[in-house]
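A.B. asks: Here it is: the structure, laid out below.
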Amino acid sequence: MAKAQTVIPQACEQSIVTPKNTGRYLWLPIQESAPEGKVQVIVNGMLLMEQNVRMAREQVDYYVALDLQPYHGKEALRICVQNVPTGSVCFKKLVQNDDADYALIDEKFRPLYHHTPKRGWMNDPNGMFYKDGTWNLYYQYNPYGSMWGNMHWAHSTSTDLIHWKNEGVALTPDVWGTMFSGSCVVDRGNVVAMYTASRPTPFGGDVQAQCIAFSNDGGKTFTKYEGNPVLTAEDKDFRDPRPFWNEDVKAWNLILAVGQEMRIYSSPDLKTWKYESSFGKEYGNHGGVWECPDLFPLTQTTKQPNDQTTKKWVLLCNINPGGPFGGSATQYFVGQFDGHKFTCESMPKVTKWLDYGKDHYATVSFYNAPDNRHTVLAWMSNWQYANQVPTKQFRSANSIPRDLGLFTCGEETYVSVVPSKEMLAVRGAKAKKPTEACEILVDVKGQAEIVLSNAKGEQVIMKYDAAKQTFCMDRTKSGDVSFSEAFPCVTTAPTYGQIKQLRLFIDRCSIEAFDADGKMAMTNLVFPSEPYNNIKVKGGKVTIYEIKY
Ligand code: FRU
């Protein structure tokens, strides 16, 4: 283990650390309850980068890495720590070494088959695309702590949507701001990322502007466009660009969230954008800010009378707060889009939710997915308590991959959600009891009640009410619910007809429930003190499969 560094306190609120010439990582000790200090990298008197870090004052909760590789060998490299009292414990506990796994904590709530960051904070999935057999996932990332801040884009890749390889950071903050959410497109073999740069103004509030970056190596590294930003406005909450090629009009379209509406633009080259129209006024739920949009066509084949196919456009609109059970959630609209304007086919007051759990947000689809699939991932948390959930060195996971389609009930067309077929490939041996990573199938014939529990008396109760056509999940006694008043709750979903089979995916701290036909999805976090290893079912037949991870 490397030795602590020499710290020369310069002034009460400013300390200067001189790293050694060897050792790629400078490990910064973090105390989550400490206020944010500033950690600055200074080379020869020039400020190269600066991050907000909760440097430990009295106790060390975990470590984060400051990667010194880009600065090694530079003249007069100094790390300046501000707003941290000089006697703070962090100065005695700094470590420098080459061990990327230094002080990694084996956490009981780290999911086994869901995507998570190894360390640090994660929120929205960003820039997801498929190319040459690889699924690429970027995400909102704070490398310097397990709470939101210092937004970067980090990158992971997978060939099966389940096993993810950590590819490191892809976009770092610059003078235009920190890297907020956005999307990637694949254009003639190149990958182009469009994202929001967000920065505080000296006069209060934030400025958000849209920028682009190019990758010639399939998304591993990006070069930011020198003409950034490419789209600016004076509006507050102007973010989360989703560009896509629209073959119908042979142009690029862009959908962007602005306050409580979605704006649509068009472009010949992804650099110059023409405003086309806005959608949202009086439509759907307006309990919060509209964020992370997506817009794509889905086709529906009606069996009767002659296998007719209908193409409809779906506009995904993530909203925070305003979700059906408080906080964040994903609503959507079904309609038509002609390259200029989105027209919703429902009455304005109709609100449709993609998932009726509390922990399903920022859902967007993979660009360029094969076989005309519309595969999505959601961030499995809720802004009401995402920063407080009881994990330590990392926070948040993504949902399992899901594929979208359309179905009709009465006069309305809805989006169906099923676990992606890749989830079948990881089905393992049959198990007698639930395990910490399993899939539970329940064949139901009418009313059903499912209770998952452990020896500590912690339990999750699920009920399917065939008469009311609802499914609900009660996590009020599921384990640790103490970290937020908004956490204990019962979530209820419409099932739009009868359910024949339920599919439940358990992974240590999450339960994702689906109607196997796709008419209902519900995603909820749970933090049991030990895994639920008992299941009682009334009104259904249970089969349990282990999941191979
Ligand atoms: C949604 C969101 C986005 C924003 C990002 C910042 O969760 O608020 O609108 O770009 O998170 O991390």
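A.B. asks: Three principal axis extents, largest first, for the C-alpha atoms of the chain, in Å?
C.D. replies: Extents along the principal axes, in whole Å: 78, 61, 41.
A.B. asks: Let me ask you something else. Could you tell me the relative contact order of the range 221-324? Use alpha-carbon pairs under 8 Å, at least six residues apart, and round to a whole percent. Walk me through the numbers before you get to the answer.
C.D. replies: Details: 191 pairs, mean separation 21.4, N = 104.
That works out to 21 percent.
A.B. asks: In a Debye calculation with equal point scatterers on the alpha-carbon sites of the range 426-547 and no solvent, what is log10 I(q)/I(0) at q = 0.12, 0.18, 0.21 Å⁻¹?
C.D. replies: Here the Debye-derived log intensity ratios amount to -0.39, -0.90, -1.22.
A.B. asks: In whole Hz and in residue order, list the ³J(HN,Hα) couplings for the range 365-373 that follow from phi through the Karplus curve 6.51 cos²θ - 1.76 cosθ + 1.60, θ = phi - 60°; x for Gly and Pro.
C.D. replies: Calculated HN-Hα couplings, in order: 9, 6, 6, 6, 5, x, 6, 6, 6 Hz.
A.B. asks: Putting +1 on Lys and Arg Cβ atoms and -1 on Asp and Glu Cβ atoms, find which of TRP27, THR391, SER365 reaches farthest to the positive end of the dipole of the chain.
C.D. replies: THR391
A.B. asks: Might you report the magnitude of the Cβ-based charge dipole of the chain about its Cα centre, with Lys and Arg at +1 and Asp and Glu at -1, to the nearest 20 debye?
C.D. replies: Values: 58 positive and 59 negative charges, 206 e Å.
Using only the charged Cβ atoms, the result is roughly 980 debye.
A.B. asks: Is it possible to state the helix-based mean residue ellipticity at 222 nm for the chain, with each DSSP H run of 4+ residues giving -39500 (n - 2.57), the sum divided by total residues, to the nearest 500 deg cm²/dmol? What is it?
C.D. replies: Working: 1 runs with 4 residues, N = 549.
Helix-only estimate at 222 nm: 0 deg cm²/dmol.
A.B. asks: As I understand it, the dipole of the range 120-419 uses +1 on the Cβ of Lys and Arg and -1 on the Cβ of Asp and Glu, about the Cα centre. Which of GLY168, PRO348, VAL230 lies farthest toward its positive end?
C.D. replies: Result: GLY168.
A.B. asks: Across the range 172-186, in residue order, what do the Karplus-derived ³J(HN,Hα) couplings come to in whole Hz, using 6.51 cos²θ - 1.76 cosθ + 1.60 with θ = phi - 60° and x for Gly and Pro?
C.D. replies: Those phi angles translate into 10, x, 9, 5, 7, x, 8, 8, 8, 5, x, 9, 10, 10, 10 Hz.
A.B. asks: Treating the beta-carbon of each Lys and Arg as +1 and of each Asp and Glu as -1, no other charges, what is the dipole magnitude of the range 412-538 about its Cα centre, to the nearest 20 debye?
C.D. replies: Numbers: 17 positive and 16 negative charges, 103 e Å.
Charge dipole, the range 412-538, about its Cα centre: 500 debye, nearest 20.
A.B. asks: Using a 10 Å cut-off on Cβ atoms, rank the peptides 399-406, 382-389 from the highest mean neighbour count down.
C.D. replies: On the way: 399-406: 23.0, 382-389: 20.2.
So the peptides 399-406, 382-389, ranked by packing, come out 399-406, 382-389.
A.B. asks: Over the Cα atoms of the range 180-339, what is the Rg over Rh ratio if Rh follows Kirkwood? Mind showing how you got there, number by number?
C.D. replies: Values: Rg = 17.1 Å, Rh = 16.9 Å.
Rounded to two decimals, Rg over Rh is 1.01.
A.B. asks: Right, next: Let's see if you can work this out: charge +1 on each Lys and Arg Cβ, -1 on each Asp and Glu Cβ, no other charges. What is the dipole magnitude of the range 120-419 about its Cα centre, in debye to the nearest 20? Each step should come with its number before you reach the end.
C.D. replies: Working: 25 positive and 30 negative charges, 60 e Å.
Using Cβ point charges on Lys, Arg, Asp and Glu, the range 120-419 gives about 280 debye.
A.B. asks: How high is the relative contact order of the range 426-547, in percent, counting Cα pairs under 8 Å that sit 6 or more residues apart?
C.D. replies: Values: 307 pairs, mean separation 50.0, N = 122.
Over the range 426-547, the number comes to 41 percent.
A.B. asks: Here is a follow-up. Need the full-extension length gain, GLN82 to SER529, defined as separation in residues times 0.36 nm minus the C-alpha distance. One decimal, nm.
C.D. replies: Details: separation 447, 0.36 × 447 = 160.92 nm, distance 3.83 nm.
Extra length from GLN82 to SER529 when fully extended: 157.1 nm.
A.B. asks: On to the next question. Could you tell me which of TRP121, VAL258, PHE505 has its Cα farthest along the dipole of the chain towards the positive end, charges placed at Cβ (Lys, Arg +1; Asp, Glu -1), taken about the Cα centre?
C.D. replies: With unit charges placed on the Cβ atoms, the residue in question is PHE505.
A.B. asks: For the range 360-493, calculate the relative contact order in percent as a whole number, restricting contacts to Cα pairs under 8 Å that are 6 or more residues apart. Mind dumping the intermediate values first?
C.D. replies: Numbers: 184 pairs, mean separation 20.3, N = 134.
The value is 15 percent.
A.B. asks: Next up: Karplus couplings for the range 97-102 from phi (6.51 cos²θ - 1.76 cosθ + 1.60, θ = phi - 60°), rounded to Hz, Gly and Pro as x?
C.D. replies: Going residue by residue, I get 7, 9, 8, 5, 9, 4 Hz, with x marking Gly and Pro.
A.B. asks: If we count other beta carbons within 10 Å of each Cβ, what is the order of ASP99, ASP359, ASP248, fewest first? Present the calculation step by step, with values, prior to reporting the outcome.
C.D. replies: Values: ASP99 15, ASP359 34, ASP248 11.
Arranged by neighbour count, lowest to highest, ASP99, ASP359, ASP248 become ASP248, ASP99, ASP359.
A.B. asks: Here is a follow-up. Could you list which residues have their amide H under 5 Å from that of VAL364, counting only those 5 or more apart in sequence or on another chain, with H placed in the peptide plane?
C.D. replies: LEU377
A.B. asks: While we're here: Can you give the extra length, in nm with one decimal, that the chain gains between GLU32 and GLU345 once fully stretched, where that is 0.36 nm per residue apart less the Cα-Cα distance?
C.D. replies: Numbers: separation 313, 0.36 × 313 = 112.68 nm, distance 4.72 nm.
Value of the extension gain: 108.0 nm.
A.B. asks: Another question, then. Check GLY127: other-chain or 5+ apart residues with amide H under 5 Å from its amide H, H built from backbone geometry?
C.D. replies: Correct list: GLY182, SER183, CYS184.
A.B. asks: Just need log10 I(q)/I(0) for the range 120-419 at q = 0.07, 0.13, 0.14 Å⁻¹, Debye formula, equal scatterers on the alpha-carbon atoms, no solvent, rounded to two decimals.
C.D. replies: -0.24, -0.88, -1.04
A.B. asks: Test of understanding: ordering SER510, SER33, SER181, SER484 by Cβ neighbours within 10 Å, fewest first, what list do you get?
C.D. replies: On the way: SER510 22, SER33 10, SER181 28, SER484 15.
Fewest to most other Cβ atoms nearby, the residues stand as SER33, SER484, SER510, SER181.
A.B. asks: May I ask for the distance between the Cα centers of the range 407-424 and the range 169-246, given as a whole number of Å?
C.D. replies: A separation of 32 Å, based on Cα centres.
A.B. asks: For the range 53-133, which trypsin sites (Lys or Arg not before Pro) pass both filters: DSSP loop (anything but H, G, I, E, B) and at most 16 other C-beta atoms within 10 Å?
C.D. replies: LYS74, LYS92, LYS108, LYS118
Since every read-out is calculated from the coordinates, none of them should be taken as a lab result. Keep in mind the model is a prediction, meaning the values are calculated, not measured. Methodologically, a virtual Cβ is constructed for each residue, glycine included, from the backbone with ideal geometry; neighbour enumeration extends over all protein chains shown.
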